[in-house]
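Here is the structure we will look at, set down as structure tokens.
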Amino acid sequence: MSRFFSSKYSSLEPYTPGEQPRDMKYIKLNTNESPFPPSSAVIEAVREEGGRLQLYSDPECTPLVAKCAELYGVKKTQVLMTNGSDEILNFAFMAFCDKDNPIVFPDITYGFYPVFAELNGIPYEQIPLRDDFTIDVNDYIGINKNIVIANPNAPTGIALSLDEIEKIVKSNPNNVVIIDEAYVDFGAQSAVSLVDKYDNLIVTQTFSKSRSLAGARLGFGIACEALINDMNTIKYSTNPYNVNRMTMMAGYMALCDNDYYMNNCKTIIENRAYTKSALEALGFEVLLSSANFLFAKSDKITGEELYLKLKQNGILIRHFTKERIKDFNRITIGTLEQMKIFIQATEKIIREL
Ligand code: PMP
């Protein structure tokens, strides 16, 4: 730390992204990316847009917002596009939370939430998941604090139903409820249908997972107009051109090619079922996932050992050191071929113990 670093950040523990190693070619099952490339129309549009990079991007993302609003059945004024969904989450924390308006979230969830809270000086409380790693909805009913819930949750993959989400939103009318739907396209119910009914609900989604654009950095929020306006105040006070030209075109074309991406999601769901059964046949406990990953543990090998041994075999999965989940690993679902290689390698590792 330099002697100039502001004391307000001196104890900040930044988020640790998953490994993006360059030492060799791995089968990458560690950061929940899509194994499928963007559609050819997306790649072509990005190439063309590259020739216009001398110009600033459209701060309002006009065609992209219009297409997104059409697809999700909301008004254009209810959509805000951001640099990954991490950015809209940070905007929401900045806009609606402060020392008098704390936030709550599960103890096991997306690791960025406590970082956004710390960064912005927001008090937060982590509510333990049940022993089976499900969220107890009753913990959030009328809690009278702002709430962020990933649905499906990460890294467990377990989803709440739309009814359960609605109960939480309805019972906290004087607080903002953020539903982070980064993985919703892999089998959970979206809460977008509720945004016209509740003026305290923000739904965030990303193009990083189901739409094969993790490297482009594009996410968005859908909410009532007033909440979107507040988050726009934050956006125009930090980074008005937050979505670059190439990403904007990529996102637009990805929405035009919706069928291609939704078909890929179907394939991932099938590959997830294959992988879950195969892991269970090897004696793993595997949580019920509605996301593009599985969360699994074996009593024959520790989470860390399996992670390290698979890495030696050229396969990357994600291991977390947090006490409650250190026996588990999170395995991103890739192509069927990748999952077969992963299962074979895991079987061999366990056999050789
Ligand atoms: N929410 C959750 C639950 C996530 O796992 C991630 C991915 N790390 C994000 C949000 C952010 O994704 P991105 O910024 O790529 O949209």
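Observations on the structure shown:
- Note on Thr335/Ser161: beta-carbon distance plugged into 1/(1 + (r/R0)^6) with R0 of 45 Å gives a FRET efficiency of 0.90.
- Each Lys or Arg adds one and each Asp or Glu takes one away; over the other residues whose Cβ falls under 11 Å from the Cβ of Ile27, this sums to +3.
- Net lengthening on full extension, Thr77/Thr302 (0.36 nm per residue, minus Cα-Cα): 76.1 nm
- Estimated FRET transfer efficiency (Tyr274, Ile350; beta-carbon r; R0 25 Å; 0.05): 0.90
- Gain on full extension, evaluated as 0.36 nm per residue between Arg47 and Met262 minus their Cα-Cα distance, stands at 75.0 nm.
- Here the gap between Tyr56 and Asp131, fully extended at 0.36 nm per residue and compared with their Cα-Cα distance, gives a gain of 22.0 nm.
- Charge tally in the Cβ shell below 14 Å around Val65, where Lys, Arg are +1 and Asp, Glu are -1, Val65 excluded: 0
- Secondary-structure-derived ellipticity at 222 nm for the chain, considering helices only, amounts to -11500 deg cm²/dmol, per-run term -39500 (n - 2.57) for DSSP H runs with n ≥ 4.
- Alpha carbon centroid spacing (whole Å) that separates segment 276-332 from segment 177-224: 26 Å
- Residue-count net charge about Pro14 - beta-carbon cut-off 13 Å; Lys, Arg +1, Asp, Glu -1: -3
- Per residue, in Å², the accessible surface of the chain once ligands and nucleic acids are set aside, probe 1.4 Å: 46 Å²
- Here segment 129-172 is scanned for amide nitrogen atoms under 15 Å from the site 7 Å beyond the Cα of Glu323 along Cα-to-Cβ, giving 129.
The values are calculated or read from the model by the stated rules, or taken from the named source; none is laboratory data. Keep in mind that this is a model prediction, so the values were computed, not measured. All Cβ positions, glycine included, derive from the backbone under ideal geometry; neighbour counts span all protein chains shown. Keep in mind that these areas ignore ligands, DNA and RNA; they rest on the heavy atoms of the full protein, side chains included. Shrake-Rupley method; radii C 1.70, N 1.55, O 1.52, S 1.80 Å.
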